[in-house]
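I have placed the structure first, in the form of structure tokens, so that the comments after it can refer back to it.
The values are calculated or read from the model by the stated rules, or taken from the named source; none is laboratory data. A quick note: this is a predicted structure, and the numbers were derived from the prediction, not measured. Positions of Cβ are backbone-derived with ideal geometry, glycine not excepted, and every protein chain shown enters the neighbour counts.
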Amino acid sequence: MQKLEQLYEGKAKKVYATDDPELYIVDYKDDATAFNGEKRGTIVGKGVINNQMSNYLMKRLEKEGVPTHFVEELSERETLVKKVQIVPLEVIIRNIAAGSFSKRYGVPEGEPFASPTIEFSYKNDDLGDPLINSYHVLAMKLATPEEIETIKKYAFKVNEVLSAFWSECGVTLVDFKLEFGRLADGTIVLADEISPDTCRLWDKATGEKLDKDRFRRDLGGVEDAYAEVMRRLREHDA
Ligand code: TMP
Ligand code: ASP
């Protein structure tokens, strides 16, 4: 597999073409941003952890019936993925109130929900990824009704699988963000990444934050937190 020209550079990853038009290479960086790029920094070793964690979790999800873009881990920071057209939605599942939910609805952070919630944001940096509902999605033709149903079904399945997995690691899955893409034939697959950048992960025993909120909120110990969740994940299968 030959790595060809860089197609795109995002906040946390670069994407390269390959000699197969249906396959891309993603290259994970240590760069961290928050608040739509206003806050910038580096989390040393994050790229390696996010690459390896995301691949591990996507493999687990594939086994549980959630199709993903994952093909093969090529190196510590590089992964071969299927080329997709990203559906421009951030799909957020929550089990416990935190972050923007707590702020918006006045529910204290840490309050468990009666049942998990789903919400969509419109992926648009210029607009600051505004909340959007399924009627808006249809009106703007961002996805079809069938695609919305498939995305919701997969997102809740991901929550079931990952909540159980993280619980076995002594970690509470508070909430997370997913992105989906379309393959050339229109099949919807899970894309982007699943990592401490995109999930809230709290130590089950102490409630300690083991995710990017340590960076967003200047809590310190950012690298240690990423290393700790990765260690727990590795230990699970050891
Ligand atoms: P929020 O509470 O700030 O809306 O975040 C919900 C979840 O989504 C949380 O696990 C962090 C993740 N997230 C991203 O992955 N990317 C983003 O740009 C934002 C704002 C949140
Ligand atoms: N990645 C997002 C950004 O820079 C925000 C976040 O994860 O909090 O804007």
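The table for this structure:
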item: Residues located in segment 61-104, provided they are within 16 Å of ligand 1 (Cβ to nearest atom), in a loop (DSSP other than H, G, I, E, B) and of a type in the set (D, E, K, R); result: none
item: Check on residue 15, β-branched (Val, Ile, Thr) and touching a Ser or Thr at 6+ places or on another chain (Cβ under 8 Å); result: no
item: Members of segment 61-72 found to be over 14 Å from residue 188 (Cβ atoms) and in contact with a Leu (Cβ under 8 Å, 6 or more places away or on another chain), listed by number; result: 71, 72
item: Residue in segment 39-59 that is touching a Leu at 6+ places or on another chain (Cβ under 6 Å), part of a strand (DSSP E or B) and within 14 Å of ligand 1 (Cβ to nearest atom) present; result: no
item: Residue count for segment 123-146, restricted to those that are assigned to a loop (DSSP other than H, G, I, E, B), among the polar types (S, T, N, Q) and away from ligand 1 (no atom under 16 Å from the Cβ); result: 1
item: Residues of segment 1-22 that turn out to be part of a strand (DSSP E or B), over 25 Å from residue 212 (Cβ atoms) and not aliphatic (A, V, I, L, M), as a count; result: 3
item: Positions within segment 201-238 being charged (D, E, K, R), in contact (Cβ under 8 Å) with a residue 12 or more places away in the chain and within 11 Å of ligand 2 (Cβ to nearest atom), in sequence order; result: 211, 212, 213, 216
item: Out of 10, 65, 45, 37, sole residue that is of a type in the set (Gly, Ala, Ser), touching a helix residue (DSSP H, G or I) at 6+ places or on another chain (Cβ under 8 Å) and within 16 Å of ligand 2 (Cβ to nearest atom); result: 37
item: Residue match in segment 23-35 (condition: closer than 30 Å to residue 217 by Cα, modelled with pLDDT of 95 or more, outside any strand (DSSP E or B) and within 14 Å of ligand 1 (Cβ to nearest atom)); result: yes
item: Residue 119 being out of contact with any Phe, Trp or Tyr (no Cβ under 6 Å at 6 or more places or on another chain), assigned to a loop (DSSP other than H, G, I, E, B) and within 13 Å of ligand 1 (Cβ to nearest atom); result: no
item: Check on residue 187, of a type in the set (Ser, Thr, Tyr) and within 16 Å of ligand 2 (Cβ to nearest atom); result: no
item: Residue 112, sole failed condition from (1) more than 16 Å from the chain's Cα centre (by Cα); (2) within 16 Å of ligand 2 (Cβ to nearest atom); result: (2)
